[in-house]
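One structure below.
Values quoted throughout were computed directly from the atomic coordinates according to the rules given, and no laboratory measurement underlies them. These numbers were taken from a predicted model, which means no experiment stands behind them. Ideal geometry is used to build each Cβ from the backbone, glycine not excepted, and the neighbour counts take in all protein chains shown.
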Amino acid sequence: MRIFFITLITLALTACSKPYDKYIGYWKLEDTSYSKILEIRKEAKDTYLVNEDVLSAANLSGQNKKEMVLEQKDNQLGVNNGLTVIPFSLSEDGNSLRIRENKYIKITDNEAKTAIKNRQDCNQLESKFREQRLAFRSFVNETEKKPRNELLEKYTTLQKQIPDCKFYIPKAY
C-alpha cells in the first residue's frame, strides 16, 4: 500500500509540474575567458524571470540591471527583444541551455553562490588596490620603486588566490 501511495504522489507531482520548470536554476556560460552566470527563476504562478548575469550588479551603461520576463512558447522559454522571441533551447537531459550561439551549463546553487562571493571579493580587492596605488605617481623615482613594486607583487599574489579574479595590475619594474 505504501508503494502505491508513493507512486501516486510521484505521478501527481510530475503531472503538475510545468515543462518550463526545468529551466529554473543557475547556468554558467561555457567556453569563455570571463565568467558569466545567468539565473532563471519562477515568480508567481506562471511567470519566469531571467537575470542575464548575476555576477554583475550593473549593465554596460552603469545602470542597475533589471530581470527580464520570459515568454512561454511551444514548451520553450524565450526573451522578447522587441522584434522577435529569442528561444532558450534546453537539452534533453536538462543540463545545457542554448541561447543563440551561446551554450550554458547548469550549475548548483552552491557553485553560483561561490562564484558570486568570489566576484565580490575580487571587486573589493580591486578597490583596495586602486586606492593604495594612488599613493604613487605615474612615473616613480628610485626611492619609490621598491614600495610600489612590493604593492604590485602583493596584489598580484592576492588576485591569484581568488578564482576568476581578473583586473589589471601592471608588472613591477
Cα lying deepest toward the dipole's positive end in segment 112-160, options 120, 158, 134, charges on Cβ: 120
Lys and Arg at +1, Asp and Glu at -1: add these up for the other residues within a Cβ distance under 12 Å of residue 160 and post the number. 0
Net charge of Cβ neighbours under 13 Å - reference residue 108; Lys, Arg +1; Asp, Glu -1: 0
Using θ = phi - 60° and the Karplus curve 6.51 cos²θ - 1.76 cosθ + 1.60, what whole-Hz ³J(HN,Hα) does each residue of segment 78-86 get, with Gly and Pro shown as x? x, 10, 8, 9, x, 10, 7, 9, 8
Which net charge results for the neighbourhood of residue 150, defined as the other residues with beta-carbon distances under 13 angstrom from its beta-carbon, given Lys and Arg at +1 and Asp and Glu at -1? +3
Can you put 100, 41, 130, 119 in order of Cβ neighbours within 10 angstrom, beginning with the fewest? 100, 130, 41, 119
Sort segment 112-160 into rounded, prolate or oblate with this rule: let a ≥ b ≥ c be the square roots of the eigenvalues of the Cα gyration tensor; rounded if a/c is under 1.5, and if a/c is not under 1.5, prolate when a/b is larger than b/c, oblate otherwise. prolate
Residue pairs, from the table 36/154; 103/128; 73/113; 128/166, whose Cα atoms sit over 24 Å apart: 36/154; 103/128; 73/113
